[in-house]
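What follows is a set of notes on a single structure, which appears directly below.
Computed from the coordinates by the stated procedures, all read-outs in this text should not be read as laboratory data. Because the structure is a prediction, the values reported are computed rather than measured. Don't worry about glycine lacking a Cβ; one is built from the backbone with ideal geometry, like all the others, and counts go over all protein chains shown.
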Protein chains: 2
Amino acid sequence: MPDDAAAREVLEDARSLAHAGEWAKLVSLVTSLHPADLAELVLDLGESNRRELLAHLPTDVVGQLFEFVEDDELRDLIRGVGVDELPAVLEEVEDDVVADVIQQLEPEQQAETLAQLDRGDDVAELLQYREESAGGLMSRGFVTLNQDISVQQAIDYLRVLRPPSDRAYYLYIIDVDGRLQGTVSIRDLIVSAPRTPLAEITRRDVHAVTTATDQEEAARTLQKYNLLAVPVVNEEGVLEGVMTADDLIDVLQEEATEDMYRMVGLDEDERVFSPVRTSVRRRLPWMLVNLITAFVAAATVGLFDETIARAAVLALFMPVVAGMGGNAGTQTATIAVRSIALGDLDVSDVFRACRKEIMVAMANGLAIGLTAGLGAYLWKQNEALSIVIAAALFLNTCAATMAGVLIPLGLKAMKVDPALAANIFVTTITDVMGFIFFLGLASLAIEQIN
Amino acid sequence: MPDDAAAREVLEDARSLAHAGEWAKLVSLVTSLHPADLAELVLDLGESNRRELLAHLPTDVVGQLFEFVEDDELRDLIRGVGVDELPAVLEEVEDDVVADVIQQLEPEQQAETLAQLDRGDDVAELLQYREESAGGLMSRGFVTLNQDISVQQAIDYLRVLRPPSDRAYYLYIIDVDGRLQGTVSIRDLIVSAPRTPLAEITRRDVHAVTTATDQEEAARTLQKYNLLAVPVVNEEGVLEGVMTADDLIDVLQEEATEDMYRMVGLDEDERVFSPVRTSVRRRLPWMLVNLITAFVAAATVGLFDETIARAAVLALFMPVVAGMGGNAGTQTATIAVRSIALGDLDVSDVFRACRKEIMVAMANGLAIGLTAGLGAYLWKQNEALSIVIAAALFLNTCAATMAGVLIPLGLKAMKVDPALAANIFVTTITDVMGFIFFLGLASLAIEQIN
């Protein structure tokens, strides 16, 4: 069993050899690495060292790297390999990964590269699907069997076929028209008596998705039924491809990152060590949107500037009203966005969700309002002010919670990503509503406050 | 191939039969359902109907349900089955699931239930590990082989053993002391010539984790190397268990939910349709913490109450400074928390991360500050005020960004969850710093502003 510390040491040695330009030594060293580790090393190098190392590695080793990098790292790897070398390198790579690579190329390079690939047609077929659909994610590398053969005949067939992927756990039973009829797992094949007809061990409760199914829903199917792969069929039920657990895990991770990032107005491709220029370009647009919404909040306060001029003490409590509303709103929005992603909440649940959240908001709003009112009284000994604060916090907690439910569900109903800048919109509403409640009530009671 | 719409129809029929109390009809109907769907139906029923239906179902069917529910739904299912019936129901359930069930019971019930299980010892062994460790998550249901036998002998052995799980894709090669030496996949077994010695097709670059490894890291290992299962060894390298992809997918989903929720001060067990009382009890504590931090921000404003009394216009721009700082801070905190979870950022990267983020903050702060200053000038035609706003936004964007990096990394360095209430702390700092920058600068220029 390899030791993790030993693996790290190899990685360290490899780094120094690369920086010293000792390519022959380096190549013989890195052949012992797992492609996932080698990919990390390669991506960690500067651009010229990366190109140099990739040029020295055997093409099949380079090909494997493509299977172990994330989508946003593909471009660096492609640039390191060079477009001219791509066809040779991709020859033994799984077709779904090849399709991902092709998608990163310029249109004219796409056609050229496809033409040079043996399996260009398979890959071209995958490219016709939307990138975030089951069709865009699936691989055509699956094994089909006819249910009229026996277990031994199936084993003999597999021995000849030698399916390349070590992920071929399920075998697919299709009819003469290619329609999916059921699955047989390799485990069932191995534990059954050799002369058993395949039809007898075929499982017919298959959980297939269609090529148009969204990748997130496909991933949820895999998760719900504890599967290792999900078959993908077309509208006629003809088996078109298979999505494996490792691809769908990446989908779930990407979708979670996307939701977290979008909620605060970040691009889903943002990484902690993205180049500064890229990060600035990605973050600035939403910050400018946020600036506009902040001026809306400012204008709301502006409606009450005479009230504040009469009682500057009101300004002290503005951050309390805004902050508490923002917190209650983003809490609810976070629950709503995540629950939609996990399939626990849909547009049709809107009334049930609102009813629940408003009950929670009223209870919490009461507790928070009373506590804050008491705190304000102890601090400023002003009864009217304390009552205004308590009331404003109660009302704003309720408004914030409704915004937190309704904005993500509203976006979802409009077929927009429910996470899209949810926090920016929610905090704007809680700021605006909070100031109207607080300063509005204060205006009415200004004689008592001042 | 079953049709999704048809499955939904069965589910609908089942619901009405349950509500009508037609148990015999219902039981014969639901035997056609996948356990995952049946579990959904069962959990959807009211408590008394649920108990009734579970009592009418065969024990092995009830047992399967446990494998397809999430941790937070286990308790409802246990209550529905009844503690006395548990041992019979759990007899054929996988040991890791049984361990999860046992953990939900009261201490005295745990011992009693374990004593009645055939595999009580295996389960008791799993229970000794920390719940969120690889040991706490693994199953003892793995197949081991000796490398001195041939492929055909291995197949013959599997035919006799008939490993119960349909997830037995990897077989584990161990030495006489039980130490893990490598893996053989069933696929390799089937495509190799029957007389091949197992040693020849054994893969030795195994990516194992130890029983103490955190479940999140174990999941990352599975994801990085595109595996379907990860073996778990003790400190001597002895194989103790196996974690499968379906369990680790659940881990990744739970951890993502946990991070999203904790950032805004939510309990990770919160669900959109949790009972109102539970939600109130879970959310209120962090809201009270947030209230205290909001009063800190209020006290900061209080330092400048005379300045505000002289120029009430300042109150208008307080939400702009606080809102923009909060947005910049939570953006950075979100990136930091997620990058730590994905293994892209660690405490040792703190200087690199700060350097990058401060560059981004200065560029964005400059753009936002100038735009806001211009906006303020067009609105209020006050040069000093505009300059103060521009400067405060620039400074607060930088401070917010640093807080966004340093708080999650600081929590991580203190071995606390980096996500813990990150947004609440970050927005407090950005409120306080923002008001100090804005109102402090305004105090200095108060003659020009008023």
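Among B:269, A:246, what is the fewest-to-most ranking by other Cβ atoms within 10 Å?
Lowest to highest Cβ neighbour count: B:269, A:246.
Across the residues of A:328-337, average count of Cβ atoms on other protein chains within 10 Å?
For this peptide, the per-residue mean of nearby foreign Cβ atoms is 6.
Roughly how many debye, to the nearest 20, is the charge dipole of the range A:333-439 about its Cα centre, given +1 on each Lys and Arg Cβ, -1 on each Asp and Glu Cβ, and no other charges?
80 debye
If you line up the long axis of helix B:151-161 against the longest principal axis of chain B, both from Cα atoms, how many degrees apart are they, to the nearest 10?
90 degrees
Could you tell me which of A:241, A:295, A:284 has its Cα farthest along the dipole of the protein assembly as shown towards the positive end, charges placed at Cβ (Lys, Arg +1; Asp, Glu -1), taken about the Cα centre?
About the Cα centre, the residue reaching furthest to the positive side is A:295.
I need the chymotrypsin sites (Phe, Trp or Tyr not before Pro) found in the range B:192-299, filtered to DSSP loop residues with at most 14 other beta carbons within 10 Å of theirs.
B:273
Using the alpha-carbon atoms, what tilt in degrees (0 to 90, nearest 10) does helix A:35-44 show relative to the longest principal axis of chain A?
With both axes taken from Cα atoms, the answer is about 60 degrees.
Counting only helical runs of four or more DSSP H residues, what would the 222 nm mean residue ellipticity of the protein assembly as shown come to if each run contributes -39,500 (n - 2.57) and the total is spread over all its residues?
-21000 deg cm²/dmol
Which one of B:31, B:442, B:256 has its Cα pushed farthest toward the positive end of the charge dipole of chain B, where Lys and Arg give +1 and Asp and Glu give -1 at the Cβ?
The one lying farthest along the dipole's positive direction is B:442.
Quick one: compute the contact order of chain A, relative version, from alpha carbon pairs under 8 angstrom and 6+ residues apart, as a percent.
With pairs under 8 Å counted, the relative contact order is 11 percent.
Residue A:23 to residue A:448: FRET efficiency via 1/(1 + (r/R0)^6), r the Cβ-Cβ distance, R0 60 Å, to the nearest 0.05?
E between residue A:23 and residue A:448, to the nearest 0.05, is 0.15.
From largest to smallest, what semi-axes in whole angstrom does the range B:144-244 give when each is the square root of 5 times an eigenvalue of its alpha carbon gyration tensor?
Its equivalent ellipsoid spans semi-axes of 24, 14, 12 Å.
Please give me, ordered by residue number, the GluC sites (Glu not before Pro) of the range B:168-265 that lie in loop per DSSP and have at most 14 other Cβ atoms within 10 Å.
Loop-located and lightly packed - B:235, B:236.
How much FRET efficiency would the formula 1/(1 + (r/R0)^6) give for residue A:70 and residue A:284, where r is the Cβ-Cβ distance and R0 is 25 Å, rounded to 0.05?
With R0 = 25 Å, the Cβ-Cβ based efficiency is 0.50.
Taking 0.36 nm per intervening residue step and subtracting the Cα-Cα distance, what contour gain separates residue A:15 from residue A:344 on full extension?
Separation in residues times 0.36 nm, less the Cα-Cα distance, equals 113.8 nm.
In whole Å, largest first, what are the principal axis extents of the Cα atoms in chain A?
92, 61, 46
Count neighbours as other Cβ atoms within 10 Å of each site's Cβ, and list the trypsin sites (Lys or Arg not before Pro) in the range A:192-296 that are DSSP loop with at most 13 such neighbours.
When the trypsin sites (Lys or Arg not before Pro) of the range A:192-296 are filtered for loop state and at most 13 Cβ neighbours within 10 Å, A:195, A:204 remain.
Would you please give the FRET efficiency between residue A:179 and residue B:130, computed as 1/(1 + (r/R0)^6) with r the Cβ-Cβ distance and R0 = 35 Å, to the nearest 0.05?
FRET efficiency, residue A:179 to residue B:130: 0.15.
How big is the Rg/Rh ratio for the range B:275-422, C-alpha atoms only, Rh by Kirkwood, two decimals?
Dividing the radius of gyration by the Kirkwood radius yields 1.05.
Which far-off residues, 5 or more places away or on another chain, put their amide H under 5 Å from the one on residue A:147, with H placed in the peptide plane?
Under 5 Å from the amide H of residue A:147: A:174.
Shape call for the range B:4-128 from the C-alpha gyration tensor, a ≥ b ≥ c root eigenvalues: rounded (a/c under 1.5), prolate (a/b greater than b/c) or oblate?
Taking the square roots of the gyration eigenvalues as a ≥ b ≥ c, the range B:4-128 is prolate.
Which residue, chosen from A:209, B:62, B:320, occupies the Cα position most advanced towards the positive end of the dipole of the protein assembly as shown, where the dipole is computed from +1 (Lys, Arg) and -1 (Asp, Glu) charges on Cβ about the Cα centre?
Of A:209, B:62, B:320, it is B:320.
How far is it, in nm, from the label point at residue B:61 to the one at residue B:118 when both lie 7 Å from their Cα along the line to the Cβ?
The two pseudo-label positions are separated by 2.2 nm.
Under the Karplus relation 6.51 cos²θ - 1.76 cosθ + 1.60, θ = phi - 60°, what is the ordered set of whole-Hz ³J(HN,Hα) values for the range A:224-241, x standing for Gly and Pro?
4, 9, 6, 9, 9, 7, 10, x, 10, 10, 8, 5, 8, x, 7, 5, 10, x
In degrees, nearest 10, range 0 to 90: what is the angle between the Cα axis of helix B:350-380 and the longest Cα principal axis of chain B?
The answer is roughly 50 degrees.
Evaluate the protein assembly as shown: find the radius of gyration of its Cα atoms, find its Kirkwood radius, and give the ratio Rg to Rh.
1.00
Spin-label point model (7 Å from Cα, Cβ direction): what's the residue A:305 to residue B:354 distance in nm?
Going from the residue A:305 label point to the residue B:354 one covers 4.0 nm.
Once you charge only the Cβ atoms, +1 for Lys and Arg and -1 for Asp and Glu, what is the size of the charge dipole of chain A about its Cα centre, to the nearest 20 debye?
Using Cβ point charges on Lys, Arg, Asp and Glu, chain A gives about 2280 debye.
Counting partner chain Cβ atoms within 10 Å of every residue's Cβ in B:301-311, what's the average?
Mean inter-chain Cβ contacts per residue within 10 Å come to 4.
Measure off 7 Å from each Cα along the Cα-to-Cβ vector at residue A:159 and residue A:92, then give the distance between these two points in nanometres to one decimal.
Taking the simple label geometry, residue A:159 and residue A:92 are separated by 2.4 nm.
What is the distance in Å between the Cα centres of the range B:278-329 and the range B:93-152?
50 Å
Please list, in chain and number order, the residues 5+ apart from residue A:240 or on another chain whose amide H is under 5 Å from its amide H, with Hs placed from the backbone.
A:232, A:233, A:234
What's the magnitude of the charge dipole for the protein assembly as shown around its Cα centre, counting Lys and Arg as +1 and Asp and Glu as -1 at the beta-carbon? Answer in Debye, nearest 20.
3320 debye
Compute the Cα gyration tensor for the range B:13-60, then decide on rounded, prolate or oblate, letting a ≥ b ≥ c be the square roots of its eigenvalues: rounded whenever a/c is under 1.5, prolate when a/b is larger than b/c in the other cases, and oblate in all that remain.
Judged from the Cα gyration tensor, the range B:13-60 comes out rounded (a/c under 1.5).
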